[in-house]
Amino acid sequence: MESAQELELQNIAGDREPNPHTDSSATIQLIVPGSKHFRWWLRVSLYIFFLLAGQSAAVLLGRLYFDKGGNSKWMATFVQSAGFPVVIPFLFFFTPPPPNSTATSSHKPPPISTLALLYLCFGLLLAGDNLMYSYGLLYLPVSTYSLLCATQLGFNAVFSFFLNSQKFTALILNSLFLLTISASLLAIHAGSDNTTNVSKLKYTIGFLCTLGASVTYSLYLSLIQLSFQRVIKNETFSAILNMQIYPSFVATCVCIVGLLPVESGGL
């Protein structure tokens, strides 16, 4: 009887002993999601930092260009898209090799003519958008310009809702409301800014151009997402880089054409 009880206790103790295989798998299941979550937030934080730093530096440098006597709006537009060659090396060194299996490549790439038409249309749209930003930066103070550029968040939500089936959330609606009210107050109290050297007509042009540029760029982003969903149907790293490089190349060529009359002594 005692031996039977001892055997039963040993079996229970054996069941309670840690199993290295099950414990390690459970530990991996607990650690891996946490590490993926941490890496995702790290990437998002880096993207936010680069976006804020780049946008702030671009606005300040553009304002400095006009304050120091620069008067070419095409030159200010040119520098907004001329930096695309910086990302070209990523296209060669960080693009993964094509998959060997045909299961992962179920969608055929669109024809070259279709892609060329997309890049051309997006490049022309980007050039016009950058030109409107240049007019706004020329005629508006930095504070007003930055706040009007921030309204892009609200326009992003609107176009994403209609074109990309993005649902509205409470935070999106709150941002849309606050940014719209802020832009309206700027239009009403335009005299509170330091615009002594800018006429009311030029201030209005700058205001409308900056607001129009925010709307246009929001439409630009939604149309790019829509083209990936309906036409390209493949959001690989190389496809995203191509969508950055070729429209920027087209926009830069448009700016060069706009600079030619200035360099030749014309307009």
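The values are calculated or read from the model by the stated rules, or taken from the named source; none is laboratory data. What you see is a predicted model, and the numbers here were worked out from it, not measured in a lab. We place every Cβ from the backbone using ideal geometry, glycine too, and count neighbours over all the protein chains shown.
Descriptive notes on the structure:
- Among the residues of the stretch 38-82, those that are not charged (D, E, K, R) and not in a helix (DSSP H, G or I) comprise Gly69, Gly70, Asn71, Ser72, Ala82.
- Contact map, the stretch 220-232: residues that are free of Cβ contacts under 8 Å to residues at least 40 places away in the same chain paired with residues that are part of a helix (DSSP H, G or I), Cβ distance under 9 Å, separation 6+ or inter-chain. Pairs shown: Phe228/Ala239; Phe228/Ile240; Phe228/Met243.
- Neighbours by Cβ (under 8 Å, 6+ apart or cross-chain): first from the stretch 149-162, outside any helix (DSSP H, G or I); second at pLDDT 90 or above: Thr151/Leu211; Thr151/Ser214
- Count of the stretch 111-133 residues which are farther than 17 Å from Tyr220 by Cα and hydroxyl-bearing (Ser, Thr, Tyr): 2
- Options Leu223, Leu219, Leu260, Leu241; residue that is surrounded by 15 or more Cβ atoms within 10 Å (Cβ to Cβ), at pLDDT below 95 and either assigned to a helix (DSSP H, G or I) or not aromatic (Phe, Trp, Tyr) (or both): Leu241
- Test: residue in the stretch 113-132 that is surrounded by fewer than 21 Cβ atoms within 10 Å (Cβ to Cβ), among the β-branched types (Val, Ile, Thr) and closer than 28 Å to Ser238 by Cβ: yes
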